[in-house]
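Just below is one structure, and these are the notes that go with it.
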Amino acid sequence: MRGKRRAPRPPIPWRSPWTPVVCLVGTVALGGIIVVSILVKDVVVVVDGKSMAVRGFAGTVHEVLDEAGVSVGHADVVRPSEQEAVADGTTIEVRRARPFTLTLDGRTTEHLVTATNVGDALAELALTPAAGKLSAPPSHVVPLSGMSITFYTRRKVYVVAGANRVTSRTTARTVREVLRRERVTLGRGYQVTPPLSSFPKDGTVITVIPPRTIPIEPDVLALNWRALAECEAHGDLEAYNPNGPYYGMYQFSLPMWRVVGGMGLPSSWPEEEQTYRAQLLYQRVSGRWQGQWPNCGAYLFHDT
């Protein structure tokens, strides 16, 4: 009995003479896709706080910004630097420079800042918004076109008005404003130093002097009051002698100080006021200085 015959095998397509060519083309195409996927980078560009996604083949920060249409000015800040290479996932930050005019305690200067709000702009200039009074809130946006801001720092100034001595922490623009905030009332004829319109810088002593209605005669003004003060108290405005007690440059007793219209303690007043009251006393006693300055009065007649 004859054995069974096997059926003939069907032709195999991949054994076609074109098969190697097709495989090569497929391999090259797949390799190209892999290479392209490796070269393409996804980068985030943040311009003044606003983000945008950029996908491309750029190799440096500069090329990425160019592809994204982001121009950079000479004073703008770019991080990382424009020459640095980028990798997939890199974040590039661009902060644009903008003009910022600052008037600080009355003095105006021009700056370029990259901050987008007033608070950060002041921080760039080493200033703290909480340390003073601003003409705009710290959150106020600084536009690309720029802006002007006025900033008054908090200063310590001193107010001497009669017997009252006040230490004031203030952002006031003028001496007048300081006195108004401290509720110091100015009557007719009162003298204020420094002038009411002047700027009270840190450490300023503001003196309020009551009216001087009695003029000092020329021959009294010509006496050597500095020599008398030097003899009585070494010229010390705040001198105090408990034996009297006596106060100030001319060692006034309180009764005599009040006789000539003095207010508070003699030693709480500046030189000009103490000298005026001493001259007034000299006139009041008709030049008989021995009762007030028995040990030093003769110095009034020394050469000035």
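The values are calculated or read from the model by the stated rules, or taken from the named source; none is laboratory data. Computed from a predicted structure; not experimentally measured. Every residue, glycine among them, receives a Cβ derived from its backbone with ideal geometry; neighbour counts consider all protein chains shown. Remember, those area values only see protein heavy atoms, side chains included, never the ligands or the DNA or RNA. Shrake-Rupley method; radii C 1.70, N 1.55, O 1.52, S 1.80 Å.
Here are the numbers for the structure shown:
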{"item": "Odd one out for residue 282 among (1) assigned to a helix (DSSP H, G or I); (2) under 15 Å from residue 296 (Cα atoms); (3) touching an Asp or Glu at 6+ places or on another chain (Cβ under 6 Å)", "result": "(3)"}
{"item": "The lone exception for residue 198 - which of (1) under 26 Å from residue 99 (Cα atoms); (2) open to solvent by less than 80 Å² (accessible area, probe 1.4 Å) it fails", "result": "(1)"}
{"item": "Test for residue 170: is it among the polar types (S, T, N, Q) and open to solvent by 10 Å² or more (accessible area, probe 1.4 Å)", "result": "no"}
{"item": "Any hit, the stretch 281-303, residues being under 27 Å from residue 192 (Cβ atoms) and open to solvent by less than 20 Å² (accessible area, probe 1.4 Å)", "result": "yes"}
{"item": "Some residue of the stretch 60-68 being touching a residue at least 12 places away in the same chain (Cβ under 8 Å), within 30 Å of residue 172 (Cβ to Cβ) and polar (S, T, N, Q)", "result": "no"}
{"item": "Meets criteria (open to solvent by less than 50 Å² (accessible area, probe 1.4 Å), out of contact with any Phe, Trp or Tyr (no Cβ under 8 Å at 6 or more places or on another chain) and part of a loop (DSSP other than H, G, I, E, B)) for residue 262", "result": "no"}
{"item": "Residues located in the stretch 157-190, provided they are at pLDDT below 85, at negative phi and not aromatic (Phe, Trp, Tyr)", "result": "161, 163, 164, 165, 185, 186, 187, 188"}
{"item": "Checklist (1) hydrophobic (A, V, I, L, M, F, W, C); (2) buried (at least 20 other Cβ atoms within 10 Å of the Cβ); (3) outside any helix (DSSP H, G or I) applied to residue 257, failing item", "result": "(3)"}
{"item": "Residue check for residue 303: in a loop (DSSP other than H, G, I, E, B), acidic (Asp, Glu) and at pLDDT 95 or above", "result": "no"}
{"item": "Selection within the stretch 145-171 - hydroxyl-bearing (Ser, Thr, Tyr) and more than 22 Å from residue 192 (Cβ to Cβ)", "result": "145, 148, 150, 153"}
{"item": "Pair list, Cβ < 9 Å and 6+ apart or interchain, from the stretch 207-222 residues that are over 18 Å from residue 269 (Cβ atoms) and among the hydrophobic types (A, V, I, L, M, F, W, C) to residues that are at pLDDT below 95 and open to solvent by 90 Å² or more (accessible area, probe 1.4 Å)", "result": "222/304"}
{"item": "Count of the stretch 99-112 residues which are at pLDDT below 95 and open to solvent by less than 50 Å² (accessible area, probe 1.4 Å)", "result": "1"}
{"item": "Members of the stretch 130-147 that are within 14 Å of the chain's Cα centre (by Cα) and under 24 Å from residue 76 (Cβ atoms)", "result": "136, 138"}
{"item": "Output for the stretch 148-162, where each listed residue is open to solvent by less than 60 Å² (accessible area, probe 1.4 Å) and of a type in the set (Lys, Arg)", "result": "155"}
{"item": "Residues within the stretch 238-254 that are touching a helix residue (DSSP H, G or I) at 6+ places or on another chain (Cβ under 6 Å) and either assigned to a loop (DSSP other than H, G, I, E, B) or loosely packed, with under 14 Cβ neighbours inside 10 Å (or both), tallied", "result": "6"}
{"item": "Unique match (being surrounded by fewer than 17 Cβ atoms within 10 Å (Cβ to Cβ), basic (Lys, Arg) and part of a helix (DSSP H, G or I)) among 165, 226", "result": "226"}
{"item": "Options 211, 294; residue that is of a type outside the set (Phe, Trp, Tyr), over 24 Å from residue 159 (Cα atoms) and either in a loop (DSSP other than H, G, I, E, B) or in contact with a strand residue (DSSP E or B) (Cβ under 6 Å, 6 or more places away or on another chain) (or both)", "result": "294"}
